[in-house]
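Single-structure report; data block below.
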Amino acid sequence: MMKVYTVSELTMAIKDLIEGSFPPIWVEGEVTNYRPSASGHLYFDLKDEVALIQCVMWRENRMLTTIEISNGKKLRVYGELQVYAKGGRYNLNISRIYPVGIGELQIKFEELKRKLQALGLFDISHKKPIPEFAERIGIVTALDGAAIKDVINIAKRRYNGIEIVVRQSRVQGDGAAYEIAQGINEFNEYGDVDLIIVGRGGGSIEDLWAFNEEIVAYAIYNSKIPVISAVGHEVDFTIADFVADYRAPTPSAAAEIAVKDASELLENISIMDKRIKHGLTKRVNQLNEKLISIKRSYGIKRLKNLIYQKWQTIDEFHHRLSPAFVQPLVQRKTELKFLIQELEREAIQFINNRKNDVVRIEGELSGINPKATLKRGYSICYKLPQRKVVTSSKLLSKEDEVEIEFHKGKAKCEVLQIEN
């Protein structure tokens with residue numbers, strides 16, 4: 001019997017056939033009917049002279065690319081064929097997008113850039129500050145290149161006392177990326193540099209490719225020492241530039257960033273010195289004028305007059321003290337001193353008498369203190385737990401606990417036998 005399909009069954013069969021037959025593919029075409037949604041998803045069609053295919057790019061993929069899309073633009077896209085069963089049509093679900101004409105290395109660059117950015121290697125929070133006054137700089141580059149000469153010449157011209165340590169490394173070709181990464185790691189193990197410059201002169205994307213390798217990116221990211229990337233010319237960008245703590249457009253610019261100009265510093269110090277001296281002089285003059293004003297003020301004059309008046313009063317009082325007035329005071333002072341001595345003797349005698357009374361009473365109390373008897377070998381028995389004094393064996397029962405207090409120390413006991 002001939003099989004009859006429902007629309008859903010036929011659509012699902014087509015869906016399985018198409019989606020199962022095509023792995024993710026690259027497609028080129030011209031953008032038409034471009035319609036971005038408010039939610040961030042992109043919908044458009046790709047066409048050529050003969051055919052057209054519908055495309056969709058979901059928001060999570062759109063956020064990973066910086067390529068601008070517009071009608072009439074030619075694109076190379078990467079995605080999967082999918083069948084939309086409800087509408088009975090198929091479309092291309094796009095995950096990556098590049099302008100037409102871009103080379104394979106550029107595609108590889110964009111893919112690695114997107115991957116490392118998603119992993120957080122470009123985050124600004126991870127970047128370390130460049131030291132303001134570096135004393136020793138490490139450089140990872142080729143010894144026969146122009147970059148090392150430019151860096152050394154500019155650095156020494158700006159500050160002749162700067163120390164430069166160079167780690168020789170190939171900067172292009174097979175094995176270059178490994179040597180660059182190894183150089184960065186060795187400087188971290190060495191630890192005696194304030195800053196690392198990684199770079200080379202300009203060139204094609206192929207020449208600069210060693211600085212786009214993942215091994216170099218992770219070496220820069222894991223470096224405990226700040227890293228300046230100085231690769232190529234100002235228009236050249238590499239993965240190393242995005243990961244580094246600072247991106248210099250050229251090796252020469254890296255030297256200017258890393259090394260402060262000594263002449264500029266001296267000039268700035270001279271200017272600051274003049275400003276400080278001028279400010280101090282101005283402040284001293286202001287305070288001096290204020291002091292002069294205070295000295296001339298009525299308040300200070302009034303204070304001096306009051307002091308002079310008190311001095312005059314004291315002098316007049318001194319002159320008024322005649323011998324006839326002073327002699328009775330001296331005699332009265334002698335009598336007062338004798339009286340004080342008599343009072344002191346009586347007070348001492350009274351205190352001694354009271355001490356003797358205290359000693360006598362203390363002896364009497366000690367004699368009638370029950371615990372004083374303990375010194376002669378007696379003891380006190382308490383019934384536990386009430387701690388009641390036992391005056392008769394009739395108050396006790398077998399296995400009762402008692403506490404016996406001696407002159408020195410106590411003992412807890414158990415009653416084993418009672419005799420009345």
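Quick look at the values:
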read-out	value
Solvent-accessible area, 1.4 Å probe, carbon plus sulfur percent, for the chain	56
Selected from Ala248, Ala51, Ala240 as most flexible by GNM, with the chain as the system and alpha-carbon contacts under 10 Å	Ala51
Angle in degrees between helix 146-158 and the longest Cα principal axis of the chain, rounded to the nearest 10	40
Largest-first ordering by accessible area, 1.4 Å probe, given options Tyr178, Tyr98	Tyr178, Tyr98
Cα centroid separation - segment 379-408 against segment 1-64, whole Å	103
Area of Ser270 that stays accessible when all protein chains are in place (1.4 Å probe, Å², to 10)	50
In order through segment 64-70: 3J(HN,Hα) via Karplus (6.51 cos²θ - 1.76 cosθ + 1.60), integer Hz, x for Gly, Pro	9, 10, 9, 5, 7, 10, 7
Shape call, segment 205-245: gyration tensor on alpha carbons, a/c limit 1.5	oblate
Global size of segment 151-253 as Cα Rg and Dmax, reported in angstrom	12.9, 37
Heavy atoms of Leu121 accessible to a 1.4 Å probe, total area in Å² rounded to 10	10
FRET efficiency estimate (nearest 0.05) - Cβ-Cβ, Glu267 to Leu105, R0 35 angstrom	0.15
Placed amide H near Ile164: partners under 5 Å, 5+ positions off or other chain	Ile137
Computed accessible area, Cys55, all protein chains, 1.4 angstrom probe, square angstrom	10
Across Lys388/Lys412; Lys375/Lys410; Lys115/Lys224; Lys108/Lys128; Lys47/Lys74; Lys388/Lys410, pairs whose alpha-carbon gap is larger than 19 Å	Lys115/Lys224; Lys108/Lys128
0 to 90° range, to nearest 10: angle between helix 323-368 axis and the chain longest Cα axis	90
Rg/Rg_globular for the chain, with Rg_globular taken as 2.2 N^0.38 Å and Rg from C-alpha atoms	2.35
Sites Asn222 and Val27 - FRET efficiency at Förster radius 35 Å, r taken between beta-carbons, to 0.05	0.35
Exposure ranking of Met272, Met57, Met2 by accessible area [1.4 Å probe, largest first]	Met2, Met272, Met57
Angle between the chain longest axis and helix 7-21 axis [Cα atoms, degrees, rounded to 10]	90
Spin-label pair Glu344/Arg387, simplified geometry with 7 Å Cα→Cβ offset, distance in nm	5.0
Cross-link partners of Lys86 among aspartates and glutamates (Cα-Cα below 13 Å; sequence separation of 8 or more within a chain)	Glu9
For segment 120-186, convex hull of alpha carbons as volume per residue, Å³	119
Centroid-to-centroid separation of segment 109-186 and segment 225-289 [C-alpha atoms, Å]	20
Pairwise FRET efficiency - Lys128 versus Leu52, Cβ, R0 = 30 Å, nearest 0.05	0.05
Segment 56-99 shape via C-alpha gyration tensor axes, a/c threshold 1.5	prolate
Order of exposure, largest accessible area first, which applies to Arg76, Arg354 with probe 1.4 Å	Arg354, Arg76
Bridge type composition, the chain - antiparallel percent by DSSP, nearest 5	65
Extension gain (nm, one decimal) between His407 and Ala146, 0.36 nm per residue minus Cα-Cα	83.8 nm
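The values are calculated or read from the model by the stated rules, or taken from the named source; none is laboratory data. None of the values given here were measured: they were computed from a predicted structure. Every residue, glycine as well, gets a Cβ built from its backbone with ideal geometry; the counts of neighbours run over all protein chains shown. Calculation scope for accessible area: heavy atoms of the full protein, side chains included, ligands and nucleic acids excluded. Shrake-Rupley method; radii C 1.70, N 1.55, O 1.52, S 1.80 Å.
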